[in-house]
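J.: Shown below is the structure under consideration.
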Amino acid sequence: MNNFGDWKVPSNSNYVYHNRRKYHPFLCIYDAAILHPNANYGFTRDPRFSDHLFEYIVSGKGYIDYGGKRYTVTAGDCILMRKDAKISYFADRDDPYSKIWFSADGDFVPNMLTALRAEGELFIVRKNLYDKFLRLLYVLENDGFELDRISKHVLGIMLAMFSKEDDTTIPEDEHMTLAQQIKVYIDAVIHSAPTVNGIAKHFGICEATVIRRYKKEFGITPNEYIKTQRLNMAESMLRNTNYSIAQISGLMNYCSQNYFSGEFKEAFGMNPTKYRERCRKK
């Protein structure tokens with residue numbers, strides 16, 4: 001765990017959560033904060049640090065030095081620094097950035113990166129995940145660390161970071177059809193088991209319009225797409241992680257493990273346990 005008492009970086013940090021509980025091997029959030037550095041802010045992560053660092057740049061500009069290269073980050077950039085990586089980061093002197101961040105440890109982050117086929121020690125992606133980061137901080141500040149709930153929030157951030165779409169906030173973009181916006185929205189919140197009713201409320205339209213417009217453009221209903229995407233994500237976790245069937249079922253918000261197993265068998269021809277056994281024999 002980072003020893004934040006050793007920081008020698010001028011900043012104004014609003015800590016909303018600090019972990020004083022025991023380490024959890026699945027997922028442990030150490031700290032979460034909103035940081036407003038001044039022009040002299042800078043820090044180098046020791047490779048011995050045992051935490052993964054997630055950041056969302058709210059405003060301003062900063063820099064990251066890694067692998068002999070310098071990367072510029074600005075508002076709207078999401079950053080993930082894996083543990084054991086030597087990375088330096090600092091604020092721009094003329095326009096120092098502000099950011100939301102949290103540090104995490106446990107098997108969850110590396111296992112999900114494997115499931116999402118994300119390789120490397122440093123990830124910088126341009127996604128508007130401000131609301132997702134704030135929501136996680138709000139839950140930590142008001143309800144503390146609840147493994148089930150927090151793991152789903154972190155999963156939502158990671159899925160959104162590594163989705164193929166450019167922006168998971170679904171702006172009113174004249175270059176995107178309504179059906180395309182609906183598809184991006186589904187991909188962004190797939191872990192929370194979105195419904196046609198929820199989609200309709202999000203876009204301020206009726207359910208019939210959601211179904212009609214989506215099926216006209218993609219040839220399947222939103223529910224069919226949601227079902228397929230949830231099962232594909234669960235299949236990737238079965239193949240690439242050691243999470244139990246119950247954990248995967250919970251992370252993907254299935255109402256029960258038995259229901260998940262039935263859906264999985266219908267799609268892949270065997271139950272999750274047999275599917276995992278077959279994958280491991282290959």
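The values are calculated or read from the model by the stated rules, or taken from the named source; none is laboratory data. From a predicted model like this one, the values you see are computed outputs, not experimental measurements. FYI the Cβ positions are ideal-geometry reconstructions off the backbone, even for glycines, and counts take in every protein chain you see. We work out accessible area using only protein heavy atoms, side chains counted, and drop any ligands, DNA or RNA first. Shrake-Rupley method; radii C 1.70, N 1.55, O 1.52, S 1.80 Å.
J.: Would you mind stating whether CYS255 is free of Cβ contacts under 8 Å to residues at least 24 places away in the same chain and either out of contact with any Leu (no Cβ under 8 Å at 6 or more places or on another chain) or under 23 Å from PRO110 (Cβ atoms) (or both)?
T.: yes
J.: Somewhere in segment 152-167, is a residue more than 24 Å from SER236 (Cα to Cα) and at pLDDT below 90?
T.: Looking through segment 152-167, none of the residues is more than 24 Å from SER236 (Cα to Cα) and at pLDDT below 90.
J.: I'd like the full set of residues that are surrounded by fewer than 21 Cβ atoms within 10 Å (Cβ to Cβ) and not in a strand (DSSP E or B), limited to segment 88-108.
T.: Passing the criteria: ASP92, ARG93, ASP94, ASP95, GLY106, ASP107.
J.: Under 7 Å between Cβ atoms, at least 6 apart or on separate chains: pull out the pairs that start in segment 227-240 with a residue that is more than 15 Å from THR195 (Cβ to Cβ) and end on any residue that is outside any helix (DSSP H, G or I).
T.: Taking only residues 6 or more apart or on different chains, the pairs are MET233/MET252; ALA234/MET252; MET237/TYR243.
J.: Does any residue in segment 172-195 that is in a loop (DSSP other than H, G, I, E, B) come within less than 6 Å, Cβ to Cβ, of a residue that is at pLDDT 80 or above and open to solvent by 40 Å² or more (accessible area, probe 1.4 Å) six or more places away or on a different chain, and which pairs are these?
T.: Partner pairs satisfying both residue conditions: ALA193/ASN253.
J.: Please verify whether SER256 is exposed (fewer than 13 other Cβ atoms within 10 Å of the Cβ) and under 19 Å from LYS152 (Cβ atoms), treating the condition exactly as stated.
T.: Judged against the criteria, SER256 is a match.
J.: Could you check segment 26-48 and list, in sequence order, the residues that are in contact with a strand residue (DSSP E or B) (Cβ under 9 Å, 6 or more places away or on another chain) and closer than 19 Å to MET158 by Cβ?
T.: Within segment 26-48, LEU27, CYS28, ILE29, TYR30, ASP31, ALA32 meet the criteria.
J.: Restricting attention to segment 196-242, and to residues there that are surrounded by 14 or more Cβ atoms within 10 Å (Cβ to Cβ) and not in a helix (DSSP H, G or I), which single residue is nearest to the chain's Cα centre (by Cα)?
T.: The qualifying residue nearest to the chain's Cα centre (by Cα) is THR241.
J.: Does segment 123-134 contain any residue that is among the β-branched types (Val, Ile, Thr), at pLDDT 85 or above and open to solvent by 40 Å² or more (accessible area, probe 1.4 Å)?
T.: Yes, there is a match, as at least one residue in segment 123-134 is among the β-branched types (Val, Ile, Thr), at pLDDT 85 or above and open to solvent by 40 Å² or more (accessible area, probe 1.4 Å).
The rows are residues; the columns are (1) closer than 25 Å to ASP131 by Cα; (2) over 18 Å from the mean Cα position of the chain (by Cα); (3) surrounded by fewer than 17 Cβ atoms within 10 Å (Cβ to Cβ).
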| site | (1), (2), (3) |
| --- | --- |
| TYR30 | yes, no, no |
| LEU35 | yes, yes, no |
| ILE57 | yes, no, no |
| THR74 | yes, yes, yes |
| ARG82 | yes, no, no |
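J.: Is there any pair with a first residue in segment 267-282 that is in contact (Cβ under 8 Å) with a residue 12 or more places away in the chain and a second that is among the β-branched types (Val, Ile, Thr) whose Cβ atoms are under 9 Å apart and which are 6 or more apart or on different chains, and what are they?
T.: Partner pairs satisfying both residue conditions: ALA267/THR228; PRO272/ILE245; PRO272/ILE248; THR273/ILE245; ARG276/ILE245.
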